[in-house]
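Comments concern the structure below.
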Amino acid sequence: MGGLFGVVSKEDCVMDVYFGTDYHSHLGTSRGGMAIWSGNSFNRSIHNIENTQFRAKFESELPKIKGNMGIGCISDTDPQPLTVRSHHGKYAITTVGKINNFDEIADKAFFNHNIHFMETSKGAINPTELVSVIIDHENSFKDGLLKAQELLQGSCSILLLTPQGIYASRDKLGRTPLIVGKKEGSYCVSSESCTFANLGYSLNYELGPGEIILLTQDGVEKIAPSRDEMKICAFLWVYYGYPSSTYEGMNVEVMRYRNGAAMAKNDDVDIDMVAGIPDSGVGHAIGYSNQSKVPYGRPFIKYTPTWARSFMPQDQDIRNLVARMKLMPIAELVADKRLLFCDDSIVRGTQLRETVDLLYNCNAREVHIRSACPPLVFGCKFLNFSTSRSEMDLVARQAIIELEGKVPESFEAYCDPATEKYNCMLDCIRKRLNFSTLKYQNIHDMIAAIGVGEDKICTYCWTGKE
């Protein structure tokens, strides 16, 4: 995945860029970077943050950097931002998204014998540099950003820092957000609105799908209008968005309370306690508890001082290790209890199986699991938060193949809670993961909890429909 942050200010903005970028650390654990315009040149720094937090890597450099415009990024893939000098002049660029026709665009670029790619990551072309090449083929930044939206399949939101200001381009279907904040003498643009409050910004403007703006010290200049069609990722609210962020007018934590309450309305299980799988399952669990009137508790605690979010490391063994080591059970709250846990989603299920086994080892009587979204049957084609996942790793897909004896020609029946095949799939997953009972949120209640309109939400990973 990844997150972007940029600032234009009448005063030095380095600290705002530093903290604003750091507030995107929940979206990636691979690379962090900043580029600051000093008035005549860029001061750029990129660090590996796989084993060290963003703040710790950059803190010692801050006294040496000055400037009133800058951009930063947290990336789970390639080093960013990049600095470029072309016929457009000097600029720095950072992107977030997924380019599905990457090789096709790169091959076409090579037909121009003056094109070569210098920035590489493990021998591959850096996607952000590919975007810069598209931009440099056009006559202006506006034309280049529009061309990138036209050519790129998947999604790509862009911040482009120039001596004149920051161009912000939201991907053409608005799958990821870009939000403008304002305070006295400064404007910022961010993937996450949770960055605003502690830095003194208030929400000023939210870019529409495909919209391009130029952010300057004087305000927001619209460069290209918003497109009509939107397909924003539902997982922003269900899973990877930060609880204090708001997208399209709906706060993440509020949505999770509403979503959990909807799950409780459709449930009749007898339990002693409701709990959430930390961290993104907690909001759903609070909503479930409030609606059901069953007490909310914490039968295990996440050890946060050293263990990061477990879904980010790309190696599955490391993810499993982190998930196992960071959760500490409280035996006194588990023994002889009928526990219900809300989780944001069930992907492979390996971590959840280990968590349930841990609870049974502490003498839990029953462990019931409620997923805050429908079964994941299809891998995401549009965002990079699941780049290492194969569809064959999905526990729902594995259950379907086990039941069918092969990959079926159609998965439609398994996506419909009204069918017998759906119920057989759930029972197969339940047995495999050792749950007392298992239920998934239905897609209609999940979309209603988001509340921004069914036609504006991408639900491909649950339905297979674009």
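Here, each number is a calculation from the coordinates, and none is a lab measurement. Everything numeric in this text was worked out from a predicted model, so none of it was measured. When we count neighbours, we look across all protein chains shown, and the Cβ atoms used for this are built from the backbone with ideal geometry, even at glycine.
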Problem - Alpha carbon convex hull of the range 339-428, volume per residue in cubic angstrom - result: 118
Problem - FRET E, pair Glu61, Asp445, Förster distance 56 Å, beta-carbon r, rounded to 0.05 - result: 0.75
Exercise for the section: Can you check what the Kirkwood hydrodynamic radius comes to for the range 199-259, Cα pairs only, in Å to one decimal? Expected result: 13.5
Practice task
Using only alpha carbon pairs under 8 Å that are at least six residues apart, calculate the relative contact order of the chain and give it in whole percent.
Solution key: 12
Exercise for the section: Work from the charge dipole of the chain (Cβ charges, +1 for Lys and Arg, -1 for Asp and Glu, about the Cα centre) and give the residue of Val334, Ala264, Leu130 farthest towards its positive end. Expected result: Val334
Handout entry: Cα→Cβ-extended label distance, 7 Å offset, between Ile330 and His87, nm
Key = 6.6
Exercise for the section: Mind pulling up the Rg/Rh value for the range 127-166? Radius of gyration and Kirkwood radius, both on Cα. Expected result: 0.94
Exercise for the section: Rank-order 402-415, 345-358, 366-379 by packing density, defined as the average count of other C-beta atoms within 10 Å over each peptide's residues, highest first. Expected result: 366-379, 345-358, 402-415
Problem - Cα pair distances in the range 339-380, grouped into 10 Å bins until the bin that holds the longest one, percent each - result: 26, 52, 18, 4
Exercise for the section: Given the peptides 331-337, 233-239, 33-39, arrange them by the average over their residues of other C-beta atoms within 10 Å, most packed first. Expected result: 233-239, 33-39, 331-337
Handout entry: Estimated FRET transfer efficiency when R0 is 41 angstrom, pair Leu403-Ala224 (beta carbons, to 0.05)
Key = 0.25
Handout entry: Estimated FRET transfer efficiency (Arg338, Asn48; beta-carbon r; R0 51 Å; 0.05)
Key = 0.70
Problem - Residue-averaged [θ]222 nm for the chain, counting only DSSP H segments that reach four residues, each worth -39500 (n - 2.57) - result: -8000 deg cm²/dmol
Exercise for the section: Note down the net charge around Ser38, summing +1 for each Lys or Arg and -1 for each Asp or Glu among other residues with Cβ under 12 Å from its Cβ. Expected result: +3
Exercise for the section: Calculate the translational D of the range 3-47 in whole µm² s⁻¹ from Stokes-Einstein, where the hydrodynamic radius comes from the Kirkwood formula applied to all Cα pairs, the temperature is 20 °C and the viscosity 1.002 mPa s. Expected result: 190
Fill in the blank from the handout: So the compactness index of the range 250-463, its C-alpha Rg divided by 2.2 N^0.38 Å, takes the value 0.99
Handout entry: the range 2-229: Cα Rg divided by the 2.2 N^0.38 Å rule of thumb
Key = 0.93
